[in-house]
Every structure is written in structure tokens, then in C-alpha cells.
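Values in this text are rule-based calculations from the coordinates and carry no lab data. What you see is a predicted model, and the numbers here were worked out from it, not measured in a lab. Cβ coordinates were reconstructed from backbone atoms using ideal geometry, including for glycine residues, and neighbour counts include every protein chain displayed.
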Amino acid sequence: MSCLPLLPSKALALSVSFLLLPLAAGAQSWGASAAINATTVLNLPGQPQQAITKVDNFNFNGQPQALLPTTLSGVSTVNNGGTATAKFQGSIGTLKAYSFAAFAYGYDAQGVGLFTGYSSATAQGSFADAIVVGGAGLAMGTPVSYRVEFSIDGTLSSPSFEIGGFLSASAGATARLTDLQSGQQVSFDWQAGRQATGQYSLTLATQVGHTLQFVGLLNTSAGVTHYAQTGRSAEADFFHTARYALAPSIAGLNTIGASGHDFAVSSVPEPSTGVLLSAALLALAWQLRRREHV
């Protein structure tokens, strides 16, 4: 039987961190990078192996493209219907990733082997930016703090893991803020299945005049082999967006990175909130008009 060559979560984290190495070289470094891989492999008796791999990547280190949503997409398919899809979209402050894999069972009703193989997909990306602490008329060295606001939404298919690694779906994300002068750091590592989706926050104490490095990472993976017993497909759908923002302890403190991106927590309501607010305002207007005619 064939074992699924999926990267474990730690290996995924290391591979995404590797994408960031060029960005973390200097205090004013900024940029965004990503990579996808969609692979299907089919082995039929007496026939050449079918092995299809689709890969793509970008690395916008200090380039304006890092501020614009960039999409990577790859699909691989073999003759028995095995397929893998990997997709990523990201820019500084916003990351999305999607992985899907499906593969048929490789045995007949009598347990006779018909074929072997697997489908595997990974999508991962990251950004880094530098924020100089200042503004609000504060003197150099004044103690302040920044709160990281990290939100994530998405789903894993069920089951998301089979013992032996024959079926797997996973997703992970990181939000990290580091004071480059003091070395102080706050970091949150999120794993699908262990923590709920939603909004998380963490706070870093710093002072005016220091430079902060803000890093965000997101990865997804999915894979299925011909021997999987619990399902024929796996999906990690985190294309719903992971967002990263900053809220300073004092209004007027800088939230604009070296890239020009503003990490300030948006005051614009989410679409669902906006719809509810509009409905409430219309209801209030109707009530007032009704009273005028009573």
C-alpha cells in the first residue's frame, strides 16, 4: 500500500517561515509571498505511472504587488478521477488558502488491488511589515502598547484525519508582533480542529521610537490515498479570509507599515452588520413617520 506524503503541521509551518526569511532580514523589510502545490499520482498494473503536479508561487519582497490581492491556483487530475486543487490569495494584512484532494479506492469487492496512488494539495503564504511607533504628540521613550487583532474563518471536511495518514485535512495560521529593539514578542499559533474560528487578540508593550515587525502566516493541506477507509476526499477551505490588524493603546499612534499598508482596525461594519443596521434604520424611520400621521 502507498502512504500519503502529506507535510505534518510543523513542516508546513517551517516551509511558510522559509518564505519569510528574505523579508525578515532588515528592520524596514516588508513583502508578501506564497506557494501552492497540487499533485496526483496513479499507478496502474502494466502501465506507465501518471504523475501530475501543478505548482506556482510569488515572492514580492519590497514590491508594490505585495499590497494587491494576488491569486495562485493549480489543479491536477489523473485518469481514475483522482484530483487535487490548491488555491491561495493574499496581500499584506489579508490571507486566504484552499486545499482539496480526492482519490478512488484502489481495491475491488474481493480485495484485489486495482491501482495505487494519491492526491495531495498544499497552499501557504505569508506577509511581513514594519511599523515605527510614533505619533499622537508623544515623546520618545513613552510607554505604549499595540493590540493585534487576528480573525479567521473556514472549515475542514469530516473526517479530517485517518490513522496512518491515508486521509488528512489541516489548516494553521500565525500572528506575530515583535519589538525589534527590545526583542519582546507576542505570537499566536492557530490550528484548525484544536481552536475555533473567530477573532483573537494579543497585546505587546513597547515605546515610542521603537520599530515593530508584524508577521502573518496561513497554510492549508489536504490529501487522500487509494487505501483511505473513512472517506474519498478531504478539504481545507480557509478561503473565507484571515485578517490581521493593529489597535494602539493611544489614539493617533502610527498603524501604517513601511509598505504603506494601514493596519488600523476598520471602523466599517461587516456586510452582515451593515444589512442589520440598514434594516434597523428603515424600521425606525417607518415608526417615526407613522407617529407623525397619528
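Take peptides 107-115, 170-178 and line them up by average Cβ neighbours within 10 Å, highest first, as a rough protection proxy.
170-178, 107-115
Using the Karplus equation 6.51 cos²θ - 1.76 cosθ + 1.60 (θ = phi - 60°), what ³J(HN,Hα) coupling, rounded to whole Hz, does each residue of region 214-226 give in order, writing x for Gly and Pro?
10, 10, x, 9, 8, 9, 9, 8, 8, x, 9, 10, 5
Mind sorting 240, 261, 210, 226 by how few other Cβ atoms lie within 10 Å of their own Cβ, fewest first?
Going from sparsest to densest Cβ surroundings: 240, 210, 261, 226.
Looking at region 93-138, I'd like the Rg to Rh ratio, where Rg is from alpha-carbon atoms and Rh is Kirkwood's inverse mean 1/r.
Checking Rg against Rh, the ratio lands at 1.50.
Take 103, 58 and order them by how many other Cβ atoms sit within 10 Å, fewest up front.
58, 103
Rounded, prolate or oblate: which fits region 132-269 when a ≥ b ≥ c are the square roots of the eigenvalues of the alpha-carbon gyration tensor, with rounded for a/c under 1.5 and prolate only if a/b beats b/c?
Prolate, because a/c is 1.5 or more and a/b exceeds b/c.
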